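Notes follow once the structure below has been shown.
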Amino acid sequence: MKLFIPGPVQVSEKTFDAFCKPMIGHRSNDFKKLYGIIQPKLQELFQTTQPVFLSTSSAWGVMEGAIRNLVGAGKVLNCMCGAFSDKWLDVSKRCGKEAVGLQVEWGQPIRGEQVREHLKQGGFDAVTLIHNETSTGVMSNIAEIAEVLRDFPEVRFIVDSVSSFSVVPIAMDALGIDVLLTGSQKALAMPPGLALFAASTRAMERAATVKGRGYYFDFIEFQKNQAEDMTPSTPSISHIYALQSKLEDIFSEGIAARHARHAATNDLVHEWVRSRGFDFFAPEGFRSKSLTCVANNRDIDVAALLSNLKSRHGFIIDGGYGKLKGKTFRLSNMGDETISSVGELLGALDDCLTA
Ligand SMILES: *Cc1c(COP(=O)(O)O)cnc(C)c1O
């Protein structure tokens with residue numbers, strides 16, 4: 001079986017081998033060496049001079065943590081355009097914060113001017129944005145929103161790049177992003193269970209003043225331990241070995257070549273969608289580069305397609321997230337996929353659709 005769902009995605013044998021290395025102590029010199037070696041590569045990928053922290057949790061741990069560290073007595077604006085971004089409002093509220101939703105219809109992106117209209121009302125500590133809304137295949141324009149945030153220096157900018165990290169460039173420092181976070185099992189094609197994030201100086205200054213940060217996701221704890229090439233508590237060392245291996249892959253391919261590969265595989269899927277008479281769920285100019293959310297305008301039996309694709313070709317795709325089930329299906333080109341492997345998927349789809 002091969003996964004073409006938008007997370008978790010297929011994990012290479014090389015990554016798995018690294019994942020299965022024998023354990024070392026998390027306070028040992030071997031661990032500190034491992035941690036130290038990957039740090040500059042992570043900083044380059046994050047396009048930041050800040051340290052990159054490793055959290056043994058899924059992305060949601062850090063998504064919740066960012067709220068608890070950066071939102072004090074002020075409000076948080078949660079930009080909502082799909083399942084993951086909608087949930088972030090709920091999480092903010094569960095953390096006891098005053099949360100305001102900027103909701104757009106599923107399938108639409110978040111626009112800078114919409115963010116400005118809300119921030120103009122004043123009293124906001126932070127904005128959350130999901131760069132690539134995996135449920136709808138919509139990629140919002142971070143640069144456009146970052147530009148608006150420059151007019152509100154007291155507001156911290158929290159960006160989820162779970163399904164776009166290392167797919168397209170995200171210039172954390174240059175854009176003024178205060179927290180950039182991602183997870184292991186999507187664009188990075190590792191097993192689930194690790195989250196990576198970096199925080200700006202402004203973010204850390206804010207965190208130091210916010211009460212109720214807790215312990216496990218306290219950014220200040222991460223910073224203290226980072227100074228000694230360690231994590232606050234025992235991390236998933238297996239993930240860090242897998243990450244080291246993945247970073248070797250990324251840097252031997254080259255970051256620009258990796259971006260180009262994703263653009264090419266994404267184009268291939270787009271060509272297929274158009275030529276087979278399907279529509280895109282996302283509007284032109286805001287379509288994800290790591291997955292494609294195909295609108296089921298042909299009214300095919302999506303459940304039958306999924307089942308045939310699995311039984312006849314061993315490929316697993318997604319049949320639409322939540323309320324989009326059956327109305328869309330999603331094809332992932334994240335991780336290690338190539339023109340050839342995506343071509344195989346598209347050929348298999350043709351086989352199942354004409355059968
Ligand atoms: C999958 C996903 C998440 C949640 O990740 P978990 O690993 O389940 O915590 C958050 N944001 C986006 C954009 C995602 O695609």
* To do: Express the C-alpha Rg of region 1-139 as a ratio against the empirical globular expectation 2.2 N^0.38 Å, rounded to two decimals.
  => 1.30
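Give me the mean projected area, in nm² to one decimal, of the convex hull enclosing the Cα positions of region 287-355. Write out the running numbers ahead of the final one.
Values: hull surface 19.3 nm².
Projected over every direction and averaged, the Cα hull of region 287-355 covers 4.8 nm².
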* **Column: log10 I(q)/I(0), Debye, Cα scatterers of region 127-207, q = 0.11, 0.16, 0.22 Å⁻¹** => -0.28, -0.59, -1.04
* Counting DSSP beta bridges with both ends in the chain, the antiparallel % (nearest 5) -> 50
* Asked: Given the C-alpha centroids of region 198-264 and region 82-143, what is the distance between them in whole angstrom?
  -> 23
* At 1.567 mPa s and 4 °C, Stokes diffusion of region 91-143 via Kirkwood alpha-carbon radius, µm² per second -> 105
* Taking +1 at the Cβ of each Lys and Arg and -1 at the Cβ of each Asp and Glu, which of Leu70, Gly176, Ala189 sits farthest along the dipole of region 13-251 towards its positive end, judged by Cα position relative to the Cα centre? -> Leu70
* **Of all DSSP beta bridges in region 214-355, antiparallel share, percent nearest 5** => 90
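Largest first, how would Asp90, Asp178, Asp279 line up by accessible area (1.4 Å probe)?
Correct descending sequence by accessible area is Asp279, Asp90, Asp178.
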* Structure fact -> If unit charges are put on Cβ atoms (+1 for Lys and Arg, -1 for Asp and Glu) and the dipole of region 213-346 is taken about its Cα centre, the option from Ala264, Ser341, Cys293 lying farthest towards the positive end turns out to be Cys293
* Structure fact -> Taking Met190, Met139 and ranking on accessible area (1.4 Å, protein atoms only), highest first, one gets Met139, Met190
* Asked: How large is the charge dipole for region 170-328, taken about the Cα centre, if only the Cβ atoms of Lys, Arg (+1) and Asp, Glu (-1) carry charge, to the nearest 20 debye?
  -> 580
* Asked: Per residue, how many Å² of accessible area does region 13-251 show with a 1.4 Å probe?
  -> 36
* What percent do you get for the relative contact order of region 13-251 when only Cα pairs under 8 Å and 6+ apart count? -> 29
* **Isotropically averaged projected area of the chain, using the convex hull of Cα atoms (one quarter of hull area), nm²** => 16.8
* To do: Consider just the alpha-carbon atoms of region 180-281 and return their Rg together with their Dmax, both in angstrom.
  => 18.9, 56
* **the chain - charge dipole about Cα centre, Lys and Arg +1 at Cβ, Asp and Glu -1, debye rounded to 20** => 660
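The values are calculated or read from the model by the stated rules, or taken from the named source; none is laboratory data. Note that the structure is predicted; figures quoted are calculated from it, not measured. Neighbour counts are summed over all protein chains in view; Cβ atoms, including those assigned to glycine, are modelled from backbone coordinates with ideal geometry. Quick note on the areas: whole protein, heavy atoms, side chains included, nothing else; ligands and nucleic acids left out. Shrake-Rupley method; radii C 1.70, N 1.55, O 1.52, S 1.80 Å.
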